[in-house]
Amino acid sequence: MPAARPEIDIVVPVYNEAAALEPSVRRLHAFLRTELPFTWRVVIADNASTDGTPAIAERLAEELPGVAVLRLARKGRGRALRAAWSASRARVVAYMDVDLSTDLRALLPLVAPLLSGHSDLAIGTRLAHGARVVRGPKRELISRGYNTLLRTTLRARFSDAQCGFKAVRRDALDGLLADVRDDAWFFDTELLVLAQRRGLRIHEVPVDWIDDPDSRVDIVRTALEDLRGVGRLLLASQVARFMGIGLLSTLAYALLYLALRSPLGAGVANALVLALTAVGNTAANRRYTFGLHGRAGLVRQTLMGTLVYVLTLGLTSGALLVLHGLDTDPARLLEVTVLVLSSLAATVTRFVALRAWVFAHRAPSMLPAHAE
């Protein structure tokens, strides 16, 4: 039933939907009154419509209890959701597309795990077992291809990023929305990826879904924007930051080794330079890859970094022994090349160790927005 402070706010973002808005909202309102056993409110989030949508939305808000209107001056589905969800006082915020392509009977399974505290986010999925979908082969191929791309590049563990049927615990949004940069169609994907990287629990609900033949989404333009968003999130991932820091460490290692090789000898120069770069590498990964600040856990992390250093020293020293056994006076460039290549084997070990042994002990709520 409608309430002044509802348990659920259901946002319907619209842009120039004069034809579909009234029948869809009335159908949704009737369903909520008879089928949803929680207090609720429907928010029509109009993002800069230029047709009769605003007038229809205002009339519906006057006629139907529990329907409100939020008017935005700029376009963008993500912008509309951000504004409506940020202003909400409900325990759970949700949204659905105005065409109501998703069967409304999936709404209760969507919000119930959030209200019970079982999950933090819930999404409708058209790609999981149990979903029943009616749509053309072109949209089916695009959807499956996009979600495969997310699993491959961003290691997404959710099956359907773009189904317009999602819900979030309002308290889980604190500190999360501010880190979602996209204000258009990629908003959903970015929200889910950041939530997953923070360790939030994402619940999936297989849905019955029928494609809207009147959809006016520009598929090509949306796809290009999504690809740019995927690239941005990929560059902001732990692996990308770890590789960037590793590249700088390797460059510093090579230059310092060349500078110290003659006065100290190969073995001593290697051990000293590895120690210096290991300290810098661990500190940089601690701060920029894993988002840790202060002294919490510093001793344990330093000890584990020392173990990784010993492993790397063993690999590089062994490589030097083999090289000098084959050539008693190898060229400096060849020495550096062999040392760098041998240290690559330790790089994977370093990442796994830092992630699993050192930084994984903190609670999910402490994870920064960019952590995985």
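The values are calculated or read from the model by the stated rules, or taken from the named source; none is laboratory data. Bear in mind the structure is a predicted one, so any value in this text is a computation, not a measurement. All Cβ positions, even for glycine, are placed from backbone atoms using ideal geometry, and neighbour counts span all protein chains on display. These area figures cover heavy atoms from the full protein model, side chains too; ligands, DNA and RNA do not enter into them. Shrake-Rupley method; radii C 1.70, N 1.55, O 1.52, S 1.80 Å.
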### Task
Output the relative contact order of segment 24-129, whole-number percent, from Cα pairs under 8 angstrom with separation of 6+ residues.
24
### Task
Quick one: which residues, 5 or more positions from PHE165 or on another chain, have an amide H under 5 Å from its amide H? H modelled 1.01 Å from N in the peptide plane, none for Pro or chain starts.
GLY124
### Task
Any chance you could run the full-extension gain for LEU344 through VAL310? It's 0.36 nm times the residue separation minus the Cα-Cα distance, nm to one decimal.
10.8 nm
### Summary
Note to self: C-alpha centroids of segment 120-193 and segment 246-283 sit apart, in Å, by 44
### Summary
Spelling it out for VAL42: with amide H atoms placed in the peptide plane at 1.01 Å from N, the residues 5 or more places away or on another chain with amide H under 5 Å from its amide H are ILE10, VAL67, ALA68
### Message
Using the crude model of +1 on Lys and Arg Cβ and -1 on Asp and Glu Cβ, and no other charge, please compute the dipole size for segment 43-184 relative to its Cα centre, in debye to 20.
### Response
540
### Query
One-quarter of the Cα convex hull surface for segment 133-182, in nm²?
4.7
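Using only the Cα atoms of segment 79-118, what semi-axes does the equivalent ellipsoid have when each is the square root of 5 times a gyration tensor eigenvalue? Give whole Å, largest first.
Those come to 18, 17, 6 Å.
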### Query
Which value, in debye to the nearest 20, describes the size of the charge dipole of segment 127-245 about its Cα centre when Lys and Arg Cβ atoms bear +1, Asp and Glu Cβ atoms bear -1, and nothing else is charged?
480
### Query
Applying 1/(1 + (r/R0)^6) with R0 = 56 Å to the Cβ-Cβ distance of ALA18 and THR328, what FRET efficiency is obtained, to the nearest 0.05?
0.10
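Just the accessible area per residue of segment 70-203, please: how many Å² with a 1.4 Å probe? Please report the intermediate quantities before stating the final value.
Working: 5580 Å² over 134 residues.
Averaged over the residues of segment 70-203, the accessible area is 42 Å².
Of the heavy-atom accessible surface of segment 86-205 (probe 1.4 angstrom), what whole percent is carbon and sulfur? Could the numbers behind the result be given before it?
Details: 2610 of 4890 Å².
Its accessible area is 53 percent carbon and sulfur atoms.
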